[in-house]
Amino acid sequence: MISASGIWLRVSTEDQARGESPRHHERRARAYAEAKGWKVVELYDLSGVSGKTVAEHPETKRMLADVASGHISALIFSKLARLARNTRELLDFADHFREHEAGLISLQESIDTTTPAGRLFYTMIAAMAQWEREEISERVAASVPIRAQLGKPTGGAASYGYKWEGRELVPEPSEAPIRKLIYELFLEHRRIRTVAKELNRRGYRTRKGAEWSGNTIERLLTDTLSKGLRRANYTTSNDSSKRWELKPESEWVYSHVEPIVSEELWEEVNAIIQTQKASRKKVARKPAHHIFSGLAICECGEPMYVPSNSPKYTCRKCRAKIPTGDLDTIYKEQLKDFLISEDDIATYLNQADSVISEKHELLAVLQKEQRELQAEMDKIYKLYMNDEISAQGFGRKYKPLEARFEQLNEEVPDLQSEIDFLKIENLSSEQMAVEARDLYTRWPSLSQDEQQKIVQLITDKIVVDKDSVSIHFHYLPFFLSSGNIAMNQHGFIAATS
C-alpha cells in the first residue's frame with residue numbers, strides 16, 4: 001500500500017527551452033500523486049545536473065536511503081531519461097526499488113510499478129535486462145581463456161598464500177607458511193574442521209581478518225595451486241542460482257607457478273579427502289521445484305503437490321492427478337488467450353484511446369494559447385519599454401493577459417497529469433499487445449524462477465477437476481474489469497464473471 005511518495009526533478013535544458021520548468025514538472029507529478037491518493041513527502045531536486053551519472057549525487061543518495069528506510073514507497077518522475085541516462089545506474093535503481101518493494105513511476109513512458117500491469121511489465125523488463133547482462137558477461141568470458149593461457153590475471157584477488165607481482169603469481173611471504181601449515185595439520189588430525197579450529201586457536205586469521213572455516217580450509221587443500229599448478233577458466237556463474245559452477249574439464253586452463261607444498265604432500269592429503277567423501281552417506285536429493293506449487297488446488301479443496309517419485313500434481317485427499325507437463329501446456333496456452341485478445345484490444349482502443357486523444361487535443365489548444373499569450377505579453381512589454389504606451393495603458397492590457405497566462409500555467413500540468421493517469425491506468429492496446437506477445441513468445445526461454453515470478457504475480461489459484469482446469473487470475477488484462485478465464489483439457493476457453 002503506497003502512502004508516502006517522492007518526486008524526482010531533473011529537467012534538461014531542452015525541456016526548459018520548451019517552457020517546461022522544474023515547477024511545471026513538479027506540479028505534474030504532484031497532480032498524479034493526488035489522483036492516486038498518495039502524499040508527497042520528499043522532493044529530490046537535481047535541476048541542471050547532467051544525467052550521464054547521478055549515482056554519487058547527494059540527492060540520489062538521500063533518495064535511495066529514503067527508499068531503504070521506508071520513508072517513501074514510490075518515486076514519481078517525468079521520464080526514464082530524467083531519472084538516469086546511464087543504463088547501468090537505471091538497472092541498479094530498479095533493483096534497489098524492487099528489493100525494498102517500492103514503486104517507480106515514469107509519466108512519459110506510462111510505467112507505474114505499483115499497479116498490477118506495471119509489476120508485470122517490470123518483471124518482463126527485468127528478464128530482458130538479465131539477457132543484456134548475460135550478453136556482456138559472454139563477451140567478458142570470451143577473453144578469459146586467452147588470458148589464462150598466457151598466464152595473465154583473469155580477475156579477482158590472488159588465492160591465500162599468493163600475490164600478484166606484476167603479471168606473475170608468486171608466494172606471499174606472510175601467508176605461504178600458513179597455507180603449508182594447513183596441509184601439515186590435516187595430515188596430523190585428518191579432520192578439516194579440526195584444522196580450522198587449530199588455526200583459530202593459534203591466532204591465525206584469513207586475509208580479511210576473519211576466523212577460518214571448514215569450507216575455506218577444504219578449498220585451499222584441494223586447490224592445485226598449492227603444488228604449483230594454477231587452474232583458470234574452470235568456473236562460471238549460474239545467474240538463476242547465484243552460485244559458481246564448474247565448467248567442463250576440457251575448458252580448464254593450467255599454468256605453472258612456484259609451489260608452496262610438494263606434489264607428494266598435496267596428493268597424499270587429497271587422497272585422504274576423497275576417501276573420506278566416498279565413505280560418507282549420500283545426501284538425499286531435494287524434491288524438484290515446480291512453478292505452480294501452492295497454486296494448484298483440487299476440486300475437493302485440497303492443495304496439490306508433486307511427489308518426488310511422480311511427475312504429476314497429486315491431491316492427498318482424493319488422489320486426483322494431472323501431469324506437470326499437461327498443466328504447463330494448458331497454462332501457456334491460456335496465457336496466450338489471457339494476454340492477447342484481438343477483439344478485446346480493438347474494443348478497448350475505441351474506448352480508452354479516444355478519451356486520451358480528446359484530452360491531448362485540449363492540451364494542444366491550451367499550449368497554443370500559452371504561446372500566443374506569451375507573444376502578446378512580450379509585444380506589450382516592448383511597447384512600454386519604448387515609451388509607446390503609458391503605464392496605465394500597459395497595466396490595462398498586460399494584467400488580464402498575465403492573469404490568464406498564470407491560470408494556464410496551472411491548467412496545463414494538471415491536464416497533463418490526467419493524461420498520465422489515464423495512460424498508466426489504461427495502457428494502450430498496442431503497447432500491451434506487443435509486450436504480451438513478447439512474453440508469450442519468450443515464455444519457454446525464461447528460467448523457472450522468472451516463470452514462477454510471473455505466475456505468482458498474475459495467478460490467484462488453479463483449480464483442477466476430472467475434466468477441466470480453471471485458472472483464476474489476480475490481474476486481468478487492461479481491457480477486462482472482472483471475472484476469470486477457464487480452459488478445459490480439450491482446449492475450450494471461456495471467460496466468466
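The values are calculated or read from the model by the stated rules, or taken from the named source; none is laboratory data. What you are looking at is a predicted structure, and each value in this text was computed from that prediction instead of being measured. Neighbour counts are summed over all protein chains in view; Cβ atoms, including those assigned to glycine, are modelled from backbone coordinates with ideal geometry. Accessible surface is based on the protein model in full, side chains and every heavy atom, while ligands, DNA and RNA are left aside. Shrake-Rupley method; radii C 1.70, N 1.55, O 1.52, S 1.80 Å.
Report yes if some residue within the stretch 291-298 is at pLDDT 75 or above, over 32 Å from the mean Cα position of the chain (by Cα) and in a loop (DSSP other than H, G, I, E, B); otherwise report no. Talk me through it step by step, then tell me what you get.
Filtering the stretch 291-298 down to residues at pLDDT 75 or above leaves 291-298.
Still in the running and over 32 Å from the mean Cα position of the chain (by Cα): 298.
Among the residues that remain, those that are also in a loop (DSSP other than H, G, I, E, B) are: none.
No, because not a single residue in the stretch 291-298 is at pLDDT 75 or above, over 32 Å from the mean Cα position of the chain (by Cα) and in a loop (DSSP other than H, G, I, E, B).
The condition of being open to solvent by 50 Å² or more (accessible area, probe 1.4 Å) and modelled with pLDDT under 85 holds for only one of Lys368, Lys317, Lys321, Lys336, that being Lys336.
Reported count of residues in the stretch 448-468, each being at pLDDT 80 or above, more than 16 Å from the chain's Cα centre (by Cα) and open to solvent by less than 40 Å² (accessible area, probe 1.4 Å), is 6. Residues that are assigned to a loop (DSSP other than H, G, I, E, B) and open to solvent by less than 20 Å² (accessible area, probe 1.4 Å) were ranked within the stretch 44-70; the one that is modelled with the lowest pLDDT is Gly51.
Among the residues of the stretch 198-209 satisfying the criterion of being open to solvent by 50 Å² or more (accessible area, probe 1.4 Å) and touching a residue at least 12 places away in the same chain (Cβ under 8 Å), which is nearest to Pro259 (Cα to Cα)? Among those that are open to solvent by 50 Å² or more (accessible area, probe 1.4 Å) and touching a residue at least 12 places away in the same chain (Cβ under 8 Å), it is Arg207.
Please go through the stretch 378-421 and pick out each residue that is over 57 Å from the mean Cα position of the chain (by Cα) and either of a type in the set (A, V, I, L, M) or in a helix (DSSP H, G or I) (or both).
Going through the stretch 378-421, the residues over 57 Å from the mean Cα position of the chain (by Cα) turn out to be 383-394, 396.
Hits for the stretch 378-421 are Leu383, Tyr384, Met385, Ile389, Ala391, Gln392, Gly393, Phe394, Arg396.
Restricting the first member to the stretch 389-413 and to residues that are within 14 Å of Ala375 (Cα to Cα), and the second to residues that are open to solvent by less than 40 Å² (accessible area, probe 1.4 Å), the beta-carbon pairs closer than 6 Å and six or more apart or on different chains are Lys397/Ile380; Tyr398/Ile380; Leu401/Leu373; Leu401/Met377; Phe405/Leu373. Scanning the stretch 214-256 for residues that are part of a loop (DSSP other than H, G, I, E, B), touching a Ser or Thr at 6+ places or on another chain (Cβ under 9 Å) and at pLDDT below 75 returns Asn233, Asp239, Ser240, Lys247.
So that you can scan it fast, the table gives a plain yes or no per residue for (1) closer than 30 Å to Ser354 by Cα; (2) modelled with pLDDT of 90 or more; (3) of a type outside the set (A, V, I, L, M, F, W, C):
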| site | (1), (2), (3) |
| --- | --- |
| Glu372 | yes, yes, yes |
| Ile380 | no, yes, no |
| Ile389 | no, no, no |
| Gln407 | yes, no, yes |
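For the stretch 118-139, indicate whether the set of residues that are at pLDDT below 85, assigned to a loop (DSSP other than H, G, I, E, B) and open to solvent by 30 Å² or more (accessible area, probe 1.4 Å) is non-empty.
Kept after step one, since they are at pLDDT below 85, are these residues of the stretch 118-139: 118-139.
Checking which are assigned to a loop (DSSP other than H, G, I, E, B) leaves us with none.
No, there is no match, as no residue in the stretch 118-139 is at pLDDT below 85, assigned to a loop (DSSP other than H, G, I, E, B) and open to solvent by 30 Å² or more (accessible area, probe 1.4 Å).
Just so you know, in the stretch 71-110 the residues that are in a helix (DSSP H, G or I) and among the aliphatic types (A, V, I, L, M) include one that is farthest from Gly6 (Cα to Cα), and it is Leu91.
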